[in-house]
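**Q** Before I ask anything, let me first share the structure, which is written out below as structure tokens.
The values are calculated or read from the model by the stated rules, or taken from the named source; none is laboratory data. These numbers come from a predicted model, not from an experiment. Quick reminder, even Gly has a Cβ in these numbers, built from the backbone with ideal geometry, and neighbours come from all protein chains shown. Accessible surface areas use protein heavy atoms only, side chains included; no ligands, DNA or RNA. Shrake-Rupley method; radii C 1.70, N 1.55, O 1.52, S 1.80 Å.
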Amino acid sequence: MLDRFRVTGRSLVVAVLTAALTTAGLATPAPAGAAVTREQLALRWAPIHYQDVDATGSHALNGRSDYITKVDFDGDLNGRNNWDRTGQAGVSLAAHAYYSVVETGTHWYLTYLFFHPRDWTDHPFFETEHENDGEGVLLVVERDGSDYGVLRAAVTVAHTDFYSYTPSGSTWTSGRESVDGTLQLQSSPHDGFAHPVTAQEAKGHGLKAYPQYNINGDGIVYYPSTVAETPSSGDDRDVRYQLIDIFATGGLWAQRANTTLFASAGTFAGDDSGDCGAGTYDCSTNSANAPWGWDDGNDLPARGQLATDPAKVAAEYFTIPGALSRTYTANPYTS
């Protein structure tokens with residue numbers, strides 16, 4: 001499916017893609033041959049996202065605890081009130097996801113964060129829950145001379161483990177870590193282009209490539225967009241989510257030293273107030289991470305490097321034919 005994006009004329013790629021995105025209300029027309037912005041690149045490759053939903057028990061809030069949203073969905077940047085605010089009237093759980101773009105001369109590295117205000121359970125024994133939840137995916141796109149490149153691989157975050165995937169036809173194979181499966185692509189009804197497909201489980205929100213996780217009963221299918229829609233229910237199969245740049249002015253990265261939002265570097269602040277932990281084994285505190293805090297302790301890359309040094313992760317996880325530069329031409333995490 002990737003081959004239909006690999007054309008030789010840069011102006012043709014820009015013209016066709018821009019026309020389609022403009023028709024869907026997703027982009028402003030750009031002159032033929034104009035360089036693609038990071039925002040456009042992130043939108044082009046943003047996942048179609050399957051979110052399983054469980055409405056069981058009071059902590060599920062009839063499924064709303066499984067909705068993806070933004071960190072300040074409740075109108076503030078206090079990470080310690082998000083559990084309680086999720087269940088209050090008047091807050092918006094409109095769909096958002098965060099992204100960052102890191103570049104080398106050979107590849108683009110696109111990181112996407114899906115945030116939930118609750119990591120929850122309805123099981124009373126041996127399972128914990130906690131305030132805030134941040135898991136996501138790294139996509140690696142080869143800069144082949146076309147405007148949007150070629151998708152080569154993905155690494156997802158499921159709790160404290162990373163899982164690697166390649167799309168059909170990718171030239172990348174297993175490296176130090178074995179490839180865990182095929183990254184599927186699916187056409188979006190909102191822009192007509194094939195996007196990688198990811199999925200999150202209900203409650204704990206581990207993230208893998210679809211269908212290694214899938215919707216079981218109720219669920220939401222989120223589509224990348226420039227508008228943020230709120231699901232009509234916990235079983236809504238067409239909800240658009242809006243992308244937010246991690247490096248936007250006043251954004252998530254700019255707030256990294258805000259002690260009301262982060263308890264430590266890359267770790268969201270969360271306490272055990274309200275009913276978090278009630279009827280379950282425990283409510284842990286300060287247990288969710290932003291991308292620069294993601295870590296698979298069993299693997300060689302260090303904490304946070306999935307986002308901050310993704311070329312290192314790619315070199316460790318995959319066997320890659322051809323060149324893979326380790327020199328960043330743009331890396332706001334280190335600038």
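**Q** Is the shape of segment 176-308 rounded, prolate or oblate, going by the alpha carbon gyration tensor and its root eigenvalues a ≥ b ≥ c, with a/c under 1.5 for rounded and a/b larger than b/c for prolate?
**A** Here segment 176-308 falls in the rounded category.
**Q** If you bin every alpha carbon distance in segment 213-282 into 5 Å steps from zero, what whole percent lands in each bin?
**A** Pair shares across the bins are 4, 13, 12, 12, 13, 23, 19, 5, 0.
**Q** At a 10 angstrom cut-off on C-beta neighbours, averaged per residue, how do the peptides 67-74, 232-239 rank from highest to lowest?
**A** 67-74, 232-239
**Q** Okay, next question. In 10 Å bins starting at zero, report the fraction of Cα pairs in the chain per bin as a rounded %.
**A** Per 10 Å bin, starting at zero, the Cα-Cα P(r) for the chain comes out as 6, 27, 36, 23, 7, 1, 0 percent.
**Q** What's the ranking of 122-131, 163-172 by average number of surrounding C-beta atoms within 10 Å, highest first?
**A** 163-172, 122-131
**Q** Where does the charge balance sit around Ala209 when Lys and Arg score +1, Asp and Glu -1, over other residues with C-beta under 15 Å from its C-beta?
**A** My count for the surroundings of Ala209 gives -4.
**Q** With a 1.4 Å probe and every protein chain left in place, work out the accessible area per residue of segment 87-174 in Å², rounded to a whole number.
**A** About 27 Å² of surface per residue is accessible.
**Q** Given the -39500 (n - 2.57) contribution per DSSP H run of 4+ residues, what per-residue ellipticity at 222 nm results for the chain, rounded to the nearest 500 deg cm²/dmol?
**A** For the chain, the value works out to -3000 deg cm²/dmol.
**Q** Could I ask something else about it? Between segment 214-242 and segment 278-335, how many Å separate their Cα centres?
**A** Segment 214-242 and segment 278-335 have Cα centres separated by 27 Å.
**Q** What value in Å³ per residue do you get for the convex hull of the alpha-carbon atoms in segment 265-335?
**A** Here the figure is 117 Å³ per residue.
**Q** Going by Cα centres, segment 157-194 and segment 59-102 are how many Å apart?
**A** 27 Å
**Q** Enumerate the lysines that Lys70 could reach by cross-link, defined here as Cα to Cα under 22 Å, with residues fewer than 8 away along the same chain left out.
**A** Within reach: Lys203, Lys208.
**Q** Where only protein heavy atoms count, and the probe is 1.4 Å, what is the accessible area per residue for segment 220-313 in Å²?
**A** Result: 40 Å² of accessible area for each residue.
**Q** Leaving ligands, DNA and RNA out of it, report the carbon-plus-sulfur percent of the accessible area of segment 154-198 at a 1.4 Å probe.
**A** Carbon with sulfur: 42 percent of the solvent-accessible area.
**Q** Then there is this: Would you please calculate the Kirkwood hydrodynamic radius of segment 121-243 over all C-alpha pairs and express it in Å, rounded to one decimal?
**A** With all distinct Cα pairs of segment 121-243 included, I get 16.2 Å.
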